[in-house]
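Report on the following structure.
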């Protein structure tokens with residue numbers, strides 16, 4: 001008997017094997033392509049995939065603020081401010097806190113984790129977070145813990161309660177020597193009614209001495225963060241290189257948390273940002289009117305115009321008058337800060353603190369439900385960014401030459417940038433200050449030549465502003481700063497402790513900070 005279909009059957013099996021082989025090849029190529037693409041994506045986006053699949057993480061606790069009563073939170077709420085890798089909240093949506101009460105009870109409380117910077121991926125691997133939870137009434141101690149009897153004890157602090165109409169929370173100062181800028185900023189913000197909070201990493205000693213003479217100023221040491229020897233990250237990893245601009249979002253959120261119960265308005269400028277009220281004679285009147293215009297606003301963003309300013313290197317009695325008046329100022333070419341997108345992304349914030357729980361310098365991701373961030377239209381007001389400086393040996397200025405407010409360069413407004421009367425009052429205030437016996441000698445010692453500023457400016461222009469390394473986390477840690485023996489500076493010392501017993505977490509907590517005086521220059 002002959003089977004005529006056998007050769008055809010064998011041929012069919014041959015084609016099936018070939019098809020199976022081709023499918024395997026296609027599958028392997030697809031997998032390799034996906035893995036390659038994922039690797040490239042991960043490398044371009046700060047290893048977020050690598051960090052997400054890591055078994056253990058580090059977190060650095062900066063502060064824990066306890067609100068027994070609050071206009072923002074439920075009674076007995078605590079807010080933990082900490083730094084961690086940017087995908088932390090996707091892996092740990094809650095933190096477990098054990099609260100010990102006066103009745104000798106131990107109660108577990110879940111704290112909800114919220115990112116301060118909600119942009120993902122972000123160009124820095126590490127960002128600030130807050131964790132919010134309500135402790136039981138009568139809590140005497142709280143600790144981060146997942147095991148009975150163990151944990152990292154949290155240092156509970158109370159927020160400020162003294163009433164303040166307007167508080168300005170400035171981004172952290174480091175290698176600070178540009179006294180012409182800082183003193184002008186302090187005089188202007190003082191004149192318009194702001195209480196000022198400065199976070200300082202390092203500053204020349206004589207300038208710090210003068211800063212302390214302002215009664216409406218509080219100065220807080222702002223440390224670099226540290227990981228303990230027991231850690232999830234490798235021994236060479238430095239989180240400071242992966243925190244944006246001296247951990248500024250954490251500093252600003254720390255300031256907001258401390259003044260939440262005392263301030264009616266809080267603004268968050270850089271020290272070279274100046275907001276001059278146009279709707280009222282002071283900040284309180286200005287911000288009150290602005291928030292009435294936008295009743296659903298939790299945060300309002302003031303556009304910032306890039307400004308050029310002429311200043312004197314002399315330390316005469318009219319220094320401040322010469323500084324605060326720009327010879328010319330304009331919108332920065334190519335930046336388009338007044339476009340709709342630019343208003344939202346690049347403005348500086350003023351907030352109603354009871355409506356906002358955290359802030360980044362350009363945006364708040366922590367606005368409470370039913371409120372929003374609003375960009376203030378440029379025709380109402382903008383701020384000035386004193387970025388471009390020209391130093392003159394001698395300069396004079398006539399207050400009658402105050403320039404018009406014209407941020408769009410369209411000659412659409414007729415009112416002046418500021419009132420000559422205000423300029424005169426600011427000038428007189430500064431004269432009185434430097435003529436005080438305790439200030440006069442110190443003021444005379446202030447430097448006429450900047451050592452650090454040109455180095456930082458050159459570094460930032462090369463690395464950040466020219467987009468040479470646009471995806472690099474932005475901060476001074478990427479700049480090479482030489483030491484200057486003999487230069488008197490105030491630096492910050494800090495101490496941290498580590499707890500390794502929390503499930504899948506190494507917790508590092510800031511214990512203490514203090515200012516230390518040095519004769520060997522300023523440190524980052």
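The numbers here are math on the coordinates, done by the rules we state, and not lab data. What you see is a predicted model; the values in this text were computed from it and never measured. Cβ placement follows ideal geometry from the backbone for every residue including glycine, while neighbour counts extend to all protein chains displayed.
Contact order for segment 37-185, expressed relative to its length and based on alpha carbon pairs under 8 Å spaced 6+ residues apart, stands at 23 percent. Between segment 101-157 and segment 225-291, the C-alpha centres lie 21 angstrom from each other.
Using the Cβ-Cβ distance between residue 441 and residue 55 with R0 = 60 Å, the FRET efficiency computed as 1/(1 + (r/R0)^6) comes to roughly 0.55. The ranking of 145, 458 by Cβ neighbour count inside 10 Å, starting from the fewest, reads 458, 145.
For the pair residue 419 and residue 137, the difference between a 0.36 nm per residue extended length and the Cα-Cα distance amounts to 96.3 nm. Among 123-133, 225-235, the peptide with the highest mean count of other Cβ atoms within 10 Å heads the list, and the full ranking is 123-133, 225-235.
If R0 equals 56 Å, the separation of the Cβ atoms of residue 238 and residue 17 corresponds to a calculated FRET efficiency of about 0.50. Full extension of the chain between residue 514 and residue 288 gives 77.7 nm of extra length, using 0.36 nm per residue less the Cα-Cα distance. In this calculation the C-beta distance from residue 458 to residue 368 is compared with R0 = 45 Å, giving a FRET efficiency of 0.60. Placing dummy labels 7 Å off each Cα toward the beta-carbon, the span from residue 494 to residue 91 is 2.1 nm.
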